[in-house]
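First the structure, which I've put down as structure tokens, then a few questions once you've had a look.
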Amino acid sequence: DSGVTQTPKHLITATGQRVTLRCSPRSGDLSVYWYQQSLDQGLQFLIQYYNGEERAKGNILERFSAQQFPDLHSELNLSSLELGDSALYFCASSDRGGAGTEAFFGQGTRLTVV
Amino acid sequence: GDSVTQMEGPVTLSEEAFLTINCTYTATGYPSLFWYVQYPGEGLQLLLKATKADDKGSNKGFEATYRKETTSFHLEKGSVQVSDSAVYFCALSPRTGGNQFYFGTGTSLTVIP
């Protein structure tokens, strides 16, 4: 158990809908990362937050947004969903946001868009 | 840009065989390098890491050495077990900026008794 909790574990929704994925980092970790894992694109970095502030941005679509709350949990919002958004979404956390810090991953949320 | 190139799979080995999974990287400066493992239905777990040239990371019988001259971080294990069956990801974290990881495509390993 990495200590990173993601909910829900599975989500099935229709095209055009909006969903929210939730992540609770390990106790004491200030940095949260979101990754998307799909068969065709592998593991792609989406976005990083550190202590409530956006730290780095990757291949995140404009339809997607994230935030980190004062209690350090994070939410990833996906809107106007398309079939191609079906993927496994991972959250990870680390104690610092600096380069080279190892990250601990949650078990992921599997999103299926039908 | 920064990237990781990883040996294509799948790889099938007999128990007690020697394992090598090749990983090379492209990066500006000297990144930190990692191997993560993903067991079926689970998230990624850190297997080992190295933060500077010539460092050797090791864990659970797995080893990888940070080779700056060949920009490589190959994963090795002398004697694999059935329980090592999983997908292995090589990753780098750049020295500057945030701490985003760039992952390889993953190598699926199956160990048969």
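Please treat every number below as a calculation from the coordinates, not as lab data. All values derive from a computational prediction rather than experimental measurement. Quick reminder, even Gly has a Cβ in these numbers, built from the backbone with ideal geometry, and neighbours come from all protein chains shown.
Of the options A:Gln48, B:Leu109, B:Pro10, report the single residue whose Cα projects farthest towards the positive end of the charge dipole of the protein assembly as shown (beta-carbon charges: Lys, Arg +1; Asp, Glu -1).
A:Gln48
Moving on. As an exercise, find the ratio Rg/Rh for the range A:1-60 from alpha-carbon atoms, using the Kirkwood inverse-distance average for Rh.
Details: Rg = 13.1 Å, Rh = 13.3 Å.
Ratio value, two decimals: 0.99.
Which whole-number value in Å³ per residue fits the convex hull of the alpha carbons of the protein assembly as shown? Before the final figure, lay out each step's value.
On the way: hull volume 26.5 nm³, N = 227.
Taking only Cα atoms, the protein assembly as shown has a hull volume of 117 Å³ per residue.
Under 25 Å between alpha carbons, and skipping anything fewer than 8 positions from B:Lys49 in its own chain: which lysines qualify?
A:Lys57, B:Lys60, B:Lys68, B:Lys77
Given the options A:Leu83, A:Leu21, A:Leu46, which has the most mean-square fluctuation in a GNM of chain A, springs set between C-alpha atoms less than 10 angstrom apart?
Of A:Leu83, A:Leu21, A:Leu46, the Gaussian network model singles out A:Leu83 as fluctuating most.
Please report the equivalent ellipsoid semi-axes of chain A, computed as sqrt(5 x eigenvalue) of the Cα gyration tensor, largest first, in whole Å. Don't skip to the answer; put the middle values down first.
Working: eigenvalues 102, 37, 35 Å².
In descending order, the three semi-axes are 23, 14, 13 Å.
Which of these, B:Tyr88, B:Tyr30, B:Tyr66, has the largest mean-square fluctuation under a Gaussian network model of chain B (Cα springs below 10 Å)?
Its mean-square fluctuation being the largest, the pick is B:Tyr30.
Give, in whole angstrom and from largest to smallest, the semi-axes √(5λ) of the equivalent ellipsoid of chain B, with λ running over the eigenvalues of the Cα gyration tensor.
Details: eigenvalues 115, 40, 27 Å².
So the equivalent ellipsoid measures 24, 14, 12 Å along its semi-axes.
With springs only between Cα atoms under 10 Å apart, run a GNM on chain B and tell me which of B:Gln81, B:Gln38, B:Gln100 wobbles the most.
Among B:Gln81, B:Gln38, B:Gln100, the largest GNM mean-square fluctuation belongs to B:Gln100.
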